[in-house]
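Below: the structure, in structure tokens.
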Amino acid sequence: MCQDEVKRKNNRPLRVCYFGTYRRNYARNSIMKERLRRQGIEVVECHAPLWIGVEDRVDKASGGWRSLGFLRRVVRAYRDLLDQYKRVGDYDVMLLGYPGQFDVYLGRVLTWLRRRPLVLDVLMSLHLIATERGLHATSPLTIWLIYWAEAIAYRLPDLLIMDTPAYVDYLEKTFGVAPERFRLLPLGADDRLYRPLPRPPSADTNTTKVTFYGSFIPLHGIEHIVRAAYILRHETDIQFELIGRGPEKPAILALAEELELNNIHFEEWIPKEELAAHIASTDICLGVFGTTRQSLCTIQNKIYECLAMRKPLITGDCSLIRTAFTHGEHLYLCERANPEALADAILTLRDDAELREHLAESGYRLFQAHYTIDRTSVRLAKYLYELVS
């Protein structure tokens, strides 16, 4: 049954209940909701906030979930969800936003009662993230509970959405989830925000500005960026800018101080509405250089966003990234966890303006062809209409 036939049968467009304690302003959720709307699908949000921020999630995963205050917060959040759900009315599909692994249990009960299909946008394994942040050493009970809660959660929805086949393979091997239960949907980027912008007139044309932005977590490999800056410390025209925060930032700041670097400038988080204008002033964007499992089985937001902004990008090499992009054509790859290789890549792009322009233009064209909201929305709508039919 095609989309038009489903619409005629229902006498209205598909109606999706976007449900859960998901991070409302997180890029994946914002893009998912916009994808649905671009395909004429009605989106009814049923959301209750549970998490305050990155530090809050790390604290609770480290054992803070045992506190009476957090348990009260959980009860309040799910009570609010149920109150909102009573006012949602009829819908065709319930889609759980990220992170939704713990919302699956309530969502499954509600959809069973309504006889409606349930879809989980997995995006990332909470167990893998917690393990890579060392929580298995500080709170083994929490890690055990997360593992089993997640393993069961993946068996309850009618459909699972994931961004890469490498991550599907990981979830199959770790949790025993059948790969045919997944549908692939790349992260892409919010091209309403990330698009080519003119370089600000105030930008220093005598300096090559190299910019990283994101969370300071193991998968990003920021230590290697700092050590590359040390190798390039005598290249006075190259200046690094590192934007963001996260659990590894104190150690990164300490390393930069130990190396006595004066070619790195650190910034806190910049609101995403302002971040694009900030990136427009840079010459070279940096992606991801860590070697964790999470790093190797995902293509991160920042990679798509820099391509969407028509910026030359350097990122760490791996087999997954080569399935989507070509080295020297769409972006520039270097060995991961290797500051010398990263430093050489930066020098190569600094000294070759024609290559920078080629990477920027070719990467942008590829993004426009495959990873915009419009392009990816067609695939998402197809999955949901197939499920309903």
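Some points to look at:
- Residues located in the stretch 262-276, provided they are crowded, with 17+ Cβ neighbours inside 10 Å and either over 23 Å from residue 219 (Cβ atoms) or under 22 Å from the mean Cα position of the chain (by Cα) (or both): 263, 275, 276
- Answer from 186, 179 - the residue that is within 17 Å of the chain's Cα centre (by Cα), surrounded by fewer than 19 Cβ atoms within 10 Å (Cβ to Cβ) and modelled with pLDDT of 95 or more: 186
- Qualifying positions in the stretch 100-132 - assigned to a helix (DSSP H, G or I) and among the polar types (S, T, N, Q): 111, 131
- Taken residue by residue, the stretch 225-235 has at least one member that is over 28 Å from the mean Cα position of the chain (by Cα), of a type in the set (Asp, Glu) and either buried (at least 18 other Cβ atoms within 10 Å of the Cβ) or within 19 Å of residue 350 (Cα to Cα) (or both).
- Taking every residue in the stretch 362-379 that is over 11 Å from residue 188 (Cα atoms) and pairing it with any residue that is at pLDDT 95 or above and exposed (fewer than 14 other Cβ atoms within 10 Å of the Cβ), at least 6 positions away or on another chain, the pairs with Cβ-Cβ distances below 6 Å are 362/329.
- Count of residues meeting criterion [touching an Asp or Glu at 6+ places or on another chain (Cβ under 9 Å) and within 15 Å of residue 152 (Cα to Cα)] in the stretch 105-141: 7
- Output for the stretch 186-205, where each listed residue is in contact with a strand residue (DSSP E or B) (Cβ under 9 Å, 6 or more places away or on another chain) and hydrophobic (A, V, I, L, M, F, W, C): 203
- Residue among 380, 313 that is assigned by TED's automatic domain parsing to the domain that holds residue 93, of a type in the set (A, V, I, L, M) and within 19 Å of the chain's Cα centre (by Cα): 380
- Counting the residues of the stretch 76-129 that are of a type in the set (D, E, K, R) and either at pLDDT below 95 or in contact with a Ser or Thr (Cβ under 8 Å, 6 or more places away or on another chain) (or both) gives 2.
- Taken together, the residues in the stretch 105-124 that are basic (Lys, Arg) and within 18 Å of the chain's Cα centre (by Cα) amount to 0.
- The residues on offer are 320, 333, and the sole one that is more than 14 Å from residue 231 (Cβ to Cβ), within 19 Å of the chain's Cα centre (by Cα) and not hydroxyl-bearing (Ser, Thr, Tyr) is 320.
- The set of residues from the stretch 323-359 being in a loop (DSSP other than H, G, I, E, B) and touching a residue at least 24 places away in the same chain (Cβ under 8 Å) comprises 325, 328, 329, 330, 336, 337, 338.
- Residue 349 meets the conditions (1) buried (at least 16 other Cβ atoms within 10 Å of the Cβ); (2) more than 20 Å from residue 234 (Cα to Cα) in every case but one. The failed one is (2).
- Restricted to the stretch 155-174, and to residues there that are farther than 30 Å from residue 276 by Cα and either aliphatic (A, V, I, L, M) or without any contact (Cβ under 8 Å) to a residue 40 or more places away in the chain (or both), the residue that is surrounded by the most Cβ atoms within 10 Å (Cβ to Cβ) is 171.
- Residues satisfying the stated conditions in the stretch 295-322, i.e. surrounded by fewer than 22 Cβ atoms within 10 Å (Cβ to Cβ) and either without any contact (Cβ under 8 Å) to a residue 40 or more places away in the chain or out of contact with any Gly (no Cβ under 9 Å at 6 or more places or on another chain) (or both): 317, 318, 319, 320, 322
The values are calculated or read from the model by the stated rules, or taken from the named source; none is laboratory data. Please read these numbers as outputs of a predicted model, since none were measured by experiment. Positions of Cβ are generated from backbone atoms using ideal geometry, with glycine treated the same way; all protein chains shown enter the neighbour counts.
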